[in-house]
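Enquirer: One structure is given below, represented as structure tokens, and several questions about it will come after.
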Amino acid sequence: MKKIKKIDIHAHCNIYGDIAPNYLYNPTTLITPEKLLEFYDKLNIEKGVLLPIVSPDAHHQLLTSEATKTAVDKYPDRFLWFCNADPRQYATGKNDKPDYKHIIAHYKSLGAKGFGEFTTNLPVEDERMQRLFGICQELNLPVTIHISPAVGTSYGIVDDKGLPQLEKTLKKFPKLKILGHSQLFWTEISKSDKRELYPWGKVEEGNLARLLRDNENLLCDVSAGSGNRAFMRDPEYCAKFVEEFSDRIFYGCDICSELNTHPFVFEEFLDKMVEDKMISIDNYNKFVRLNAEKLLGL
């Protein structure tokens, strides 16, 4: 088949080159734009959406919205961007409550297409978090979230099993598009899963399908080992999931190191699913590009 050029909904990059610190667990730093584009050329990806990393509990190297836009300005034909903010930071607002509308509106005026990756390690229903979700709805910016199990255990916004706080937020802000991402988001695909990082095995339909059916503003970021494995673990269920939610799934890589190989494994899986007619070419095209074009107004 002649494959459509893909859009990567979930990307990060390091514009600082050799002065950025290495990871603790491998000898590389967060990937540079140039190295990321080498991946893209091999994976038939036309564009990627760069996500800033601004929460100090999220990463060893913070990436501001300004640094992210700098990478986009260097390669405007290959990158788009989201902006980001941490609601624990101070900003003067009415009644001395942080109000980020002027900051986020500023980034939108510069071309930001959304908000995220939202990784602030606070409960979803924390007042500061809810205020930020409300601003993104008002400014019509989709939000990419990373779910965490508890405050102080890892990076990510905090919710319980079943994602009840997220569901309340989806209903409270019905015009806000939320892209779900992370290991604990994808464990909701199967009710037999414990809240572990990378479950495997057959899927017994879980709470995620119900959340998608009940909340049209919930979208799925199928990136990294978490999203990729959720699809690859059970091809038969993957085919059903893609068929039902073909308008709300988004291809992503989440390449963080030049040592990452998971996008190539997922590429082979998707190709086989199409070749075996388990996924239609129309749904494949929606997944890897057309849904992103619609969401981002391309």
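Enquirer: Can you tell which of VAL242, VAL265 is over 17 Å from HIS146 (Cβ atoms) and surrounded by 20 or more Cβ atoms within 10 Å (Cβ to Cβ)? Let's see the steps before the verdict.
Expert: Working: VAL265 fails: surrounded by 20 or more Cβ atoms within 10 Å (Cβ to Cβ).
Step by step, each of VAL242, VAL265 is checked, and only VAL242 is over 17 Å from HIS146 (Cβ atoms) and surrounded by 20 or more Cβ atoms within 10 Å (Cβ to Cβ).
Residues checked against (1) touching an Asp or Glu at 6+ places or on another chain (Cβ under 9 Å); (2) acidic (Asp, Glu); (3) within 18 Å of GLY116 (Cα to Cα); (4) modelled with pLDDT of 95 or more:
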| residue | (1), (2), (3), (4) |
| --- | --- |
| THR153 | no, no, no, no |
| GLY156 | yes, no, yes, no |
| LYS168 | yes, no, no, yes |
| LYS171 | yes, no, no, yes |
| GLY180 | yes, no, yes, yes |
| THR187 | yes, no, no, no |
| LYS194 | no, no, no, no |
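Enquirer: Kindly provide the set of residues from the stretch 239-269 that are part of a helix (DSSP H, G or I) and under 24 Å from ARG213 (Cα atoms), ordered by number.
Expert: Residues satisfying the conditions are ALA239, LYS240, PHE241, VAL242, GLU243, GLU244.
Enquirer: Moving on. Taking the stretch 37-53, which residues are in contact (Cβ under 8 Å) with a residue 60 or more places away in the chain and among the hydrophobic types (A, V, I, L, M, F, W, C)?
Expert: PHE39, LEU43, ILE45, VAL49, LEU51, ILE53
Enquirer: So which residues in the stretch 212-238 are in a helix (DSSP H, G or I) and surrounded by 18 or more Cβ atoms within 10 Å (Cβ to Cβ)? It would help to see each step written out before you state the result.
Expert: Restricting attention to the stretch 212-238, the residues satisfying the condition of being in a helix (DSSP H, G or I) are 212-214, 224-232, 235-238.
Once the filter is applied, which keeps residues that are in a helix (DSSP H, G or I) and surrounded by 18 or more Cβ atoms within 10 Å (Cβ to Cβ), the stretch 212-238 yields LEU212, ALA224, SER226, GLY227, ASN228, ARG229, ALA230, PHE231, MET232, TYR237, CYS238.
Enquirer: A further question follows. When the stretch 171-189 is examined, which residues are found to be buried (at least 18 other Cβ atoms within 10 Å of the Cβ) and of a type in the set (D, E, K, R)?
Expert: Selection gives LYS177, GLU188.
Enquirer: Output the number of the condition that ALA150 fails; it satisfies all remaining conditions of (1) surrounded by 18 or more Cβ atoms within 10 Å (Cβ to Cβ); (2) out of contact with any Gly (no Cβ under 8 Å at 6 or more places or on another chain); (3) of a type in the set (A, V, I, L, M, F, W, C); (4) farther than 19 Å from TYR284 by Cα.
Expert: (1)
Enquirer: Then there's this: Within the stretch 33-69, track down each residue that is modelled with pLDDT of 95 or more and polar (S, T, N, Q). Can you show your working first?
Expert: As a first pass, look at the stretch 33-69 and keep what is modelled with pLDDT of 95 or more: 33-52, 65-69.
ASN44, SER65, THR68, listed by residue number.
Enquirer: Quickly run through the stretch 21-60 and pick out the residues that are among the hydrophobic types (A, V, I, L, M, F, W, C) and farther than 22 Å from GLN89 by Cβ. Please lay out each step first, then the result.
Expert: Keep residues of the stretch 21-60 that are among the hydrophobic types (A, V, I, L, M, F, W, C), which gives 24, 30-31, 36-37, 39, 43, 45, 49-51, 53-54, 58.
Hits for the stretch 21-60 are LEU24, ILE31, LEU36, LEU37, PHE39, LEU43, ILE45, VAL49.
Enquirer: So which residues in the stretch 136-146 are over 15 Å from GLY252 (Cβ atoms) and buried (at least 21 other Cβ atoms within 10 Å of the Cβ), if there are any at all?
Expert: If we filter the stretch 136-146 for residues that are over 15 Å from GLY252 (Cβ atoms), which is where we start, we get 136-141.
Correct list: CYS136, LEU141.
Enquirer: Report, by residue number, each residue of the stretch 11-40 that is among the acidic types (Asp, Glu) and closer than 16 Å to LEU62 by Cα.
Expert: Scanning the stretch 11-40 gives a single hit, ASP18.
Enquirer: Related question: Given the structure, is LYS168 in contact (Cβ under 8 Å) with a residue 40 or more places away in the chain and buried (at least 20 other Cβ atoms within 10 Å of the Cβ)?
Expert: no
Enquirer: Contact list please: Cβ distance under 7 Å, first residue in the stretch 217-241 and over 20 Å from ASN291 (Cβ atoms), second residue among the charged types (D, E, K, R) and surrounded by fewer than 23 Cβ atoms within 10 Å (Cβ to Cβ), pairs at least six apart or on different chains.
Expert: Listed by first residue and then by second, the contacts come to ASP234/LYS202.
Enquirer: What are the residues in the stretch 70-106 that are over 23 Å from LYS5 (Cβ atoms), in a loop (DSSP other than H, G, I, E, B) and at pLDDT 95 or above, if any?
Expert: Narrowing the stretch 70-106 to residues over 23 Å from LYS5 (Cβ atoms): 70, 83-106.
Filter once more, so that each one left must be in a loop (DSSP other than H, G, I, E, B): 84-93, 97-100.
Result: ASN84, single match.
The values are calculated or read from the model by the stated rules, or taken from the named source; none is laboratory data. Small disclaimer: the values here were computed from a predicted structure and weren't measured. All Cβ positions, even for glycine, are placed from backbone atoms using ideal geometry, and neighbour counts span all protein chains on display.
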